[in-house]
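Asks: One structure, pasted below without further comment.
The values are calculated or read from the model by the stated rules, or taken from the named source; none is laboratory data. No experiment lies behind these values; they were computed from the predicted model shown. Here the Cβ is made from the backbone with ideal geometry for all residues, glycine too, and neighbour counts use every protein chain on show. To get the accessible areas, we keep the full protein, side chains included, count just its heavy atoms, and leave off ligands, DNA and RNA. Shrake-Rupley method; radii C 1.70, N 1.55, O 1.52, S 1.80 Å.
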There are 2 protein chains.
Amino acid sequence: MQDTPMPLPRSRIQTRNREAILEAALEVFSSQGFRGATLEQIAEAAGLSKPNLLYYFPSKEVVHSTLLAGLLDTWLDPLREMDAAGDPVEEILGYVRRKLDLSRDFPRESRLFANEILQGAPRMRAVIEGELKALVEEKAAVLRRWMEDGRIARVEPVHLIFSIWALTQHYADFDMQVRAVLGEGHDPFAEAGAFLTTLYARLLRP
Amino acid sequence: MQDTPMPLPRSRIQTRNREAILEAALEVFSSQGFRGATLEQIAEAAGLSKPNLLYYFPSKEVVHSTLLAGLLDTWLDPLREMDAAGDPVEEILGYVRRKLDLSRDFPRESRLFANEILQGAPRMRAVIEGELKALVEEKAAVLRRWMEDGRIARVEPVHLIFSIWALTQHYADFDMQVRAVLGEGHDPFAEAGAFLTTLYARLLRP
DNA sequence: GTAGGTCTTGACCATACGGTCAGGAAAAGA
DNA sequence: TCTTTTCCTGACCGTATGGTCAAGACCTAC
């Protein structure tokens, strides 16, 4: 259920194959969900046989958990970077920008995460109730301070953060729908960037 | 793959059992995804045996498709109701309100839909590229008109609609995360209602 | 009541899937 | 080179799952 905590030494082959497996698993899990994915599919996408995959990871569960574990930090970093000492509107717009960039550059990771939460986060509950919640509370306090100082408009800070998650992740998770509705000749992420900048500038103007 | 178009006569038992199956299937599919759900689970939740379930529906696929088919209209109705003749801000806020009510009252339907889009909408592509796209274009034209008449601020209309989808559906699809971060003693949907009203009022003020 | 249709089920089937294992191929070390 | 360790695979196993079927229970109309 858990990878060895000790960073056991890894040969070049180990490193290469473990990476190939995780890359392939990301592709398959994010587009098929945990139960929808098969070890066969993952192994093939990684250019290995199924037993060989199971030589590097003891079970399907562990592959999935490893992927999720590596994800959260990347996902939270943009929020961590929001600096209480900076200019409020710039800091928030910067956060929106960085989060949208993640959606554009790592849509599979976003969908993997979405899949997990949709199913009730059976494998991430602890992390969400711990690390994630703590970070949100910390940053909500920063936002509240800015509001009290009259530097941005007053809105419920936690829901402000939710709105940023919802709006940015939508473009990764619902990519198919977004592109279908927009039709050809659009750059969803560029347009989203412009739209979201306007939206938050207007919302936050004191 | 498709239900009989003819509304064939149904006995009371047929009606009751088909309904029980669809209700149970909604519960299971929305929380486990298509492949994660088993006929056994659905049958049990419906109070039937597996072969009996298969007496009413020829396959798992058909149960799922039937569910999806019945969904889209409910999902699109709030947008359809947005009236070009009404007051712009009121109409848009009314749409947001109705969509948020759907998220609150039919979260399972929202998650079923989200699951489907996440996997690339293999069973809904046609409908999204047809009906959904057409409706969005129609309403985007209404919004654009309102902008040209100076009755609401100028923003990209289609992305405005996307933002409403993203923000309202987030509270259904990511319910688990929202509640975990908010902690006890919160009413996510009530708070979301207040937040979204403020957000769109400020965004749209001419 | 009873004949004819509707509904229900236990037993069964084929396949897919996660996972194991014994042994061979390939590297790495001596 | 020879030995040891790491890597890889074909064949296999047990279980879960979607789906079938023959036969019986239950309704309902006459």
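Asks: From (1) outside the structural domain of B:Ala166 (by TED's automatic domain parsing); (2) touching a residue at least 60 places away in the same chain (Cβ under 8 Å); (3) of a type outside the set (Asp, Glu), pick out the condition that doesn't hold for B:Leu100.
Replies: With (1) outside the structural domain of B:Ala166 (by TED's automatic domain parsing); (2) touching a residue at least 60 places away in the same chain (Cβ under 8 Å); (3) of a type outside the set (Asp, Glu) applied to B:Leu100, the lone miss is (1).
Asks: Tell me yes or no: at least one residue of the range B:195-206 is hydroxyl-bearing (Ser, Thr, Tyr), surrounded by fewer than 20 Cβ atoms within 10 Å (Cβ to Cβ) and facing another protein chain (nearest Cβ under 9 Å). Steps first, answer last, please.
Replies: We begin by selecting, within the range B:195-206, every residue hydroxyl-bearing (Ser, Thr, Tyr); these are B:197-198, B:200.
Still in the list and also surrounded by fewer than 20 Cβ atoms within 10 Å (Cβ to Cβ): B:197-198.
Now drop any that are not facing another protein chain (nearest Cβ under 9 Å), which leaves B:198.
So far as the range B:195-206 goes, yes, one or more of its residues are hydroxyl-bearing (Ser, Thr, Tyr), surrounded by fewer than 20 Cβ atoms within 10 Å (Cβ to Cβ) and facing another protein chain (nearest Cβ under 9 Å).
Asks: Considering the range A:183-193 alone, what residues qualify as being more than 7 Å from chain B (Cβ to nearest Cβ) and either surrounded by 20 or more Cβ atoms within 10 Å (Cβ to Cβ) or not acidic (Asp, Glu) (or both)?
Replies: Of all residues in the range A:183-193, those more than 7 Å from chain B (Cβ to nearest Cβ) come to A:183-190, A:193.
Listed by number, the residues that qualify are A:Gly183, A:Gly185, A:His186, A:Pro188, A:Phe189, A:Ala190, A:Gly193.
Asks: Which residue pairs have Cβ atoms under 6 Å apart, sit 6 or more places apart or on different chains, and have a first residue in the range B:177-206 that is at pLDDT below 95 and a second that is loosely packed, with under 13 Cβ neighbours inside 10 Å?
Replies: Listed pairs, sorted by first residue: B:Pro206/B:Gly150.
Asks: Only residues that are within 14 Å of another protein chain (Cβ to nearest Cβ) and among the β-branched types (Val, Ile, Thr): list them for the range A:7-62, please.
Replies: Listed by number, the residues that qualify are A:Val28, A:Thr38.
Asks: Looking at B:Leu118, is it touching a residue at least 24 places away in the same chain (Cβ under 8 Å) and not β-branched (Val, Ile, Thr)? Outline the logic, then answer.
Replies: On the way: touching a residue at least 24 places away in the same chain (Cβ under 8 Å): no; not β-branched (Val, Ile, Thr): yes.
No: the conditions fail for B:Leu118.
Asks: More than 9 Å from chain A (Cβ to nearest Cβ), of a type in the set (Phe, Trp, Tyr) and within 17 Å of the chain's Cα centre (by Cα): is that true of B:Phe162 in this structure? I'd like the intermediate steps shown before the answer.
Replies: Working: more than 9 Å from chain A (Cβ to nearest Cβ): no; of a type in the set (Phe, Trp, Tyr): yes; within 17 Å of the chain's Cα centre (by Cα): yes.
Taking the combined requirement at face value, the residue does not satisfy it.
Asks: Pick from A:Val181, A:Val136: which is under 22 Å from the mean Cα position of the chain (by Cα) and either on the phi > 0 side of the Ramachandran plot or of a type in the set (Val, Ile, Thr) (or both)? Step through it out loud before you land on a result.
Replies: Details: A:Val181 fails: under 22 Å from the mean Cα position of the chain (by Cα).
When all the criteria are applied, what remains is A:Val136.
Asks: Just one of (1) small (Gly, Ala, Ser); (2) open to solvent by 50 Å² or more (accessible area, probe 1.4 Å); (3) in contact (Cβ under 8 Å) with a residue 12 or more places away in the chain trips up A:Ala85, so point out which.
Replies: Every listed condition holds for A:Ala85 apart from (3).
Asks: Cβ-Cβ below 6 Å, separation at least six or inter-chain, first residue in the range A:152-163 and in contact (Cβ under 8 Å) with a residue 12 or more places away in the chain, second open to solvent by less than 10 Å² (accessible area, probe 1.4 Å): which pairs?
Replies: That search, which allows pairs on different chains as well, returns A:Ile152/A:Pro88; A:Ile152/A:Trp146; A:Ile152/A:Leu204; A:Ala153/A:Leu204; A:Pro157/A:Ala140; A:Pro157/A:Leu143; A:Val158/A:Ala140; A:Ile161/A:Val136.
Asks: Next question. List the pairs whose first member sits in the range A:1-25 and is at pLDDT below 55, whose second member is among the aromatic types (Phe, Trp, Tyr) and within 12 Å of DNA strand C (Cβ to nearest atom), and whose Cβ atoms are under 6 Å apart, counting only residues at least 6 apart or on separate chains?
Replies: Close Cβ pairs satisfying both conditions: none exist.
Asks: For the range B:148-159, which residues satisfy the criterion of being farther than 20 Å from B:Glu81 by Cβ and more than 10 Å from chain A (Cβ to nearest Cβ)?
Replies: Applying the first criterion (farther than 20 Å from B:Glu81 by Cβ) to the range B:148-159 yields B:148-150, B:153-156, B:159.
The answer is B:Glu148, B:Asp149, B:Gly150.
Asks: Only one of these is surrounded by 14 or more Cβ atoms within 10 Å (Cβ to Cβ), under 15 Å from B:His170 (Cβ atoms) and not hydroxyl-bearing (Ser, Thr, Tyr): A:Ala153, A:Ala140, A:Ala180, A:Ala114. Name it.
Replies: Matching residue, one of A:Ala153, A:Ala140, A:Ala180, A:Ala114: A:Ala114.
Asks: Here is a further query. Please tell me if B:Phe34 is open to solvent by 30 Å² or more (accessible area, probe 1.4 Å) and closer than 21 Å to B:Arg111 by Cβ.
Replies: Details: open to solvent by 30 Å² or more (accessible area, probe 1.4 Å): yes; closer than 21 Å to B:Arg111 by Cβ: yes.
Answer is yes for this residue.
Asks: If I filter the range A:39-58 down to residues being within 26 Å of the chain's Cα centre (by Cα) and among the aromatic types (Phe, Trp, Tyr), which single residue comes out as farthest from DNA strand C (Cβ to nearest atom)?
Replies: In this case the residue turns out to be A:Tyr56.
Asks: Follow-up. Right, B:Ala172: more than 9 Å from chain A (Cβ to nearest Cβ), of a type in the set (Gly, Ala, Ser) and surrounded by 18 or more Cβ atoms within 10 Å (Cβ to Cβ) or not?
Replies: Details: more than 9 Å from chain A (Cβ to nearest Cβ): yes; of a type in the set (Gly, Ala, Ser): yes; surrounded by 18 or more Cβ atoms within 10 Å (Cβ to Cβ): yes.
Answer is yes for this residue.
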